[in-house]
Amino acid sequence: MSPAWRDRLAAGGPVFGMNVYSGSPAAVEIAGAWGLDFVFIDAEHSVLGLDLPMERMILAARLAGVAPLVRVPDSAPTGLRKALELGAAGVIVPQVHDADQMRAIIAATKFPPLGRRGGDSSVRSAGWAGPGFDWADYARRSNRDTFVVPMAESPEFFENIDEILAVPGIDAVHFGPADFALSSGLEVDYSMREPTVREAMRLLIAKCREKGIHVMLPCAPATSEQAADLLAEGGDMLLVGNDIGFLNQGCRTAAGIATALRETRA
């Protein structure tokens, strides 16, 4: 039986998630408690590695009923495999530039006959080879359920977009407006109002729709108006904020209260 978030996507979506940079399992549990569909756990720009702290994040997600998607540091096969064996529902892969790289990512994340993923049964994704374990069933379920998300965040991705999206096994593409803007010499604007960035986003959505591939977009600012705009554009997986941003919002409120009280008491 498919997870609810996959069923929602299959029915046309949308689904909603948040980025988690802090390495705090509590942030993941809270996201699940509030009914978000997935968490984007970052191991590229955060202190997290693919080790015990990441395992705790994934376990927190499973406890809270929210899908853990892990952004791995790069496209190296060992990191992709380890993230999945720790129990991630899928991997988000940064800096994908061409079809050869995409084929290597699929090879590392899918078992034969779809790929060449290395296997071991003494891992969480295999149920620790516990009661009823069967290799053929494990490989089949993993190939069906593992969610693979390359990132479109460079001019090279868009130069090779047709060849990349033609690689079988891509479930969604995440558009990274900041790195796309930086690598294109443009002003960084997460709201994607900059014309060239908006044009790239629209091209990505159009090309993905032709292939039945989902599109993940950052929703910044995290407002209902911005979300409605991105859904109308065709995005169906929205990231509606991140834990560091939420901490900043709370601290800004606290600092404002403190400043106002100090001024009245001066």
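Miscellaneous remarks
- In summary, the lysines within cross-link reach of LYS82, defined as a Cα separation below 30 angstrom excluding same-chain residues under 8 places away, comprise LYS110, LYS211.
- Accessible-area rank, largest first, for PHE158, PHE16, PHE38, PHE246: PHE246, PHE16, PHE158, PHE38, with all protein chains present and a 1.4 angstrom probe.
- Translational D in µm²/s for the stretch 4-134 (Stokes-Einstein at 10 °C, 1.306 mPa s, Kirkwood Rh from C-alpha pairs): 104
- Helix axis angle, 224-233 relative to the chain longest principal axis, alpha carbon, degrees: 40
- The stretch 212-254 and the stretch 74-116 have their alpha-carbon centroids 26 Å apart.
- Sequence of TRP128, TRP34 from largest to smallest accessible area, 1.4 Å probe: TRP34, TRP128
- Spread of Cα-to-Cα distances over 10 Å intervals beginning at zero, given as percent, for the chain: 7, 29, 36, 19, 6, 2, 1, 0
- The charge dipole of the chain, taken about its Cα centre with unit charges on the Cβ of Lys, Arg, Asp and Glu (plus for the first two, minus for the last two), comes to roughly 740 debye.
- Considering only ALA31, ALA254, ALA76, the mean-square fluctuation computed in a Gaussian network model of the chain, springs between alpha carbons under 10 angstrom, is largest for ALA254.
- Between ASP98 and ALA228, the modelled label-to-label distance comes to 4.4 nm, taking each label 7 Å out from Cα in the direction of the beta carbon.
- Within the stretch 90-182, trypsin sites (Lys or Arg not before Pro) in DSSP loop having at most 16 other beta-carbon neighbours inside 10 Å: ARG116
- Percent of C-alpha pairs per 5 Å bin, the stretch 126-245, short to long: 2, 10, 19, 19, 16, 11, 8, 6, 5, 3, 1, 0
- For the stretch 179-266, the convex hull drawn through the C-alpha positions has a volume of 125 cubic angstrom per residue.
- Most fluctuating residue given options ARG202, ARG252, ARG81, as computed from a GNM of the chain linking Cα atoms under 10 Å: ARG252
- Cα lying deepest toward the dipole's positive end in the stretch 62-203, options PHE180, ILE170, ALA136, charges on Cβ: ALA136
- Were the residues from ARG141 through ARG124 laid out at 0.36 nm apart, the gain over their Cα-Cα distance would be 4.8 nm.
- For LYS82, LYS207, the ranking by accessible surface with the largest value first comes to LYS82, LYS207, using a 1.4 Å probe.
- The stretch 1-63 and the stretch 142-206: distance between their alpha carbon centers, rounded to Å: 21
- The chain: calculated mean residue ellipticity at 222 nm from DSSP helix runs of at least 4, using -39500 (n - 2.57): -14500 deg cm²/dmol
The values are calculated or read from the model by the stated rules, or taken from the named source; none is laboratory data. Computed from a predicted model, the values in this text were never measured in an experiment. Here Cβ is always computed from backbone atoms with ideal geometry, including for glycine, and neighbour counts include all displayed protein chains. Ligands, DNA and RNA are excluded from the accessible area calculation, which covers all protein heavy atoms including side chains. Shrake-Rupley method; radii C 1.70, N 1.55, O 1.52, S 1.80 Å.
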